[in-house]
Amino acid sequence: MKKSYCAFCNSASAPKIHSQYHKKEYGINPKKDKLFFEALVLEINQTGLSWDLVLKRRNNIKLAFENYNLNKISNFNKKNINDLLSNNKIIRNKKKIIAIIYNSKIFIEIIKDNGSFKKWMDKNKNKSLDQWIKLFKKKFKFTGPSVTKEFLIATGYIAGAHDLNCIYNKF
């Protein structure tokens, strides 16, 4: 039987990056737009790769994407994309990079129209998973069913981040 992420993170053998993420972020509703964007960037980067790899490269991804400054990212050009593609400290996938740049522009629009990304998320919080998936597919790039579901779990909008008996379970 495969060990759950909670069991792994709560074990003595769990690497600190996993136990800290599990304890302080996973399944917790972000308060800042930048943290929502980071969660989406991480989930996009994780597609087809291990979560361990994403967490190990997390700080470098954050640096490469200007500390998640949406205005700066939205203005990235071909040179920025080429620089990112040659940065071996991040996940170098052109489709993912282009999606992140595109999604930064959508985040800016959503914030402009709603006051914050969190307000937009809260306005949609009663949607079913299928409705969320359709909404994300319509709005963003590289947000198929798995990315959307994991983003919603990671940001605490749907259950699944923690086992029922995990001390960090809020559902």
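The values are calculated or read from the model by the stated rules, or taken from the named source; none is laboratory data. Since the model is a prediction, treat every value here as computed from it, not as a measurement. Because the Cβ atoms are built from the backbone with ideal geometry, glycine has one as well, and the counts that use them run over all protein chains shown. Each accessible area value is taken on the protein alone, full model and side chains, heavy atoms only, with ligands, DNA and RNA left out. Shrake-Rupley method; radii C 1.70, N 1.55, O 1.52, S 1.80 Å.
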(Q) Could you identify which residue out of ASN77, ASN45, ASN103 has the top mean-square fluctuation in a GNM of the chain using Cα springs shorter than 10 Å? (A) ASN77
Q) Arranged from highest to lowest average of other beta-carbon atoms within 10 Å per residue, in what order do the peptides 151-159, 18-26 appear? A) 151-159, 18-26
Q | Modelled FRET efficiency - R0 30 Å, LYS31 with LYS2, Cβ distances, 0.05 increments | A | 0.35
Q) Which Cys residues of the chain have no other Cys beta carbon under 4.7 Å away? A) CYS9
Q | Links that overshoot a 21 Å alpha carbon limit, given the list LYS79/LYS134; LYS23/LYS134; LYS56/LYS139; LYS89/LYS149; LYS149/LYS170; LYS62/LYS105 | A | LYS79/LYS134; LYS23/LYS134; LYS56/LYS139; LYS89/LYS149
Q: Per DSSP H run of at least 4 residues, take -39500 (n - 2.57); add these up for the chain, divide by its residues and hand me the 222 nm value, nearest 500 deg cm²/dmol.
A: -18000 deg cm²/dmol
Q) Considering only protein heavy atoms and a 1.4 Å probe, what is the carbon-and-sulfur percentage of the accessible area of region 131-171? A) 55 percent
Q) Could you give the accessible area per residue of the chain, probe 1.4 Å, as a whole number in Å²? A) 57 Å²
Q. What is region 1-136's relative contact order, in percent, from Cα pairs under 8 angstrom and six or more apart in sequence?
A. 22 percent
